[in-house]
Amino acid sequence: MLRFTDEHEWLRLDGDVATVGITAHAAEQLGDLVFVELPKVGAKLAKGEAAAVVESVKAASDVYAPLSGEVTEVNEAAVSDPASVGADPQGGGWLYRLKLDDPSAMDGLMDEAAYAEFAK
């Protein structure tokens, strides 16, 4: 199940763990990424809390926790090669994995069609 936030993050749920990244729309708006800072494994994040930072030649942007949970893994490749996030934001450019406090909260986020309409 793929869901989207109004802060331009995507989540893909596998059991009770969501993989989180920025959307293709966000990556396009930012341009070439030059720096990525990710949360620490084990960090407890509250929904809406700044969790990561992506920086391009244009701007630095916070990436917010789309839902509450605990960080279980980070994508070290995104840190060592920030351009990979922009090149494949909804695939290999994922940022971190979050064990959700309440997986059913995913239902409150946008599906692909709703996000496409929102991002216009």
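The values are calculated or read from the model by the stated rules, or taken from the named source; none is laboratory data. Please read these numbers as outputs of a predicted model, since none were measured by experiment. So basically every Cβ, Gly included, is an ideal-geometry build from the backbone, and we count neighbours across all protein chains shown. The accessibility values were calculated without ligands, DNA or RNA, using every heavy atom of the protein model including side chains. Shrake-Rupley method; radii C 1.70, N 1.55, O 1.52, S 1.80 Å.
Under the simplified labelling scheme, the S68-D32 pair shows an inter-label distance of 4.2 nm, with each label point 7 Å from Cα along Cα→Cβ. Mean residue ellipticity at 222 nm, helices only, the chain: -4500 deg cm²/dmol; runs of at least 4 DSSP H residues each add -39,500 (n - 2.57), and the sum is divided by the number of residues. The order of the peptides 76-84, 2-10 by mean Cβ neighbours within 10 Å, most packed first, is 2-10, 76-84.
Size descriptor for segment 81-120, Kirkwood hydrodynamic radius: 12.3 Å (Cα pairs only, one decimal).
The share of accessible area on the chain that comes from carbon and sulfur is 49 percent, using a 1.4 angstrom probe.
Here the chain is assigned +1 on the Cβ of each Lys and Arg and -1 on the Cβ of each Asp and Glu. Its dipole about the Cα centre then comes out at about 100 debye.
Straight-line reach from K58: taking Cα to Cα under 23 Å and skipping same-chain neighbours fewer than 8 places apart, the lysines in range are K120. Taking the alpha-carbon distance from K99 and a cut-off under 21 Å, which lysines remain once sequence neighbours fewer than 8 residues away in the same chain are dropped? Cross-link targets: K40, K44, K47. Note on the chain: Cα Rg divided by 2.2 N^0.38 Å, N the number of residues, gives 0.96. Using a probe of 1.4 angstrom and keeping all protein chains present, the accessible surface of segment 22-120 works out to 52 square angstrom per residue.
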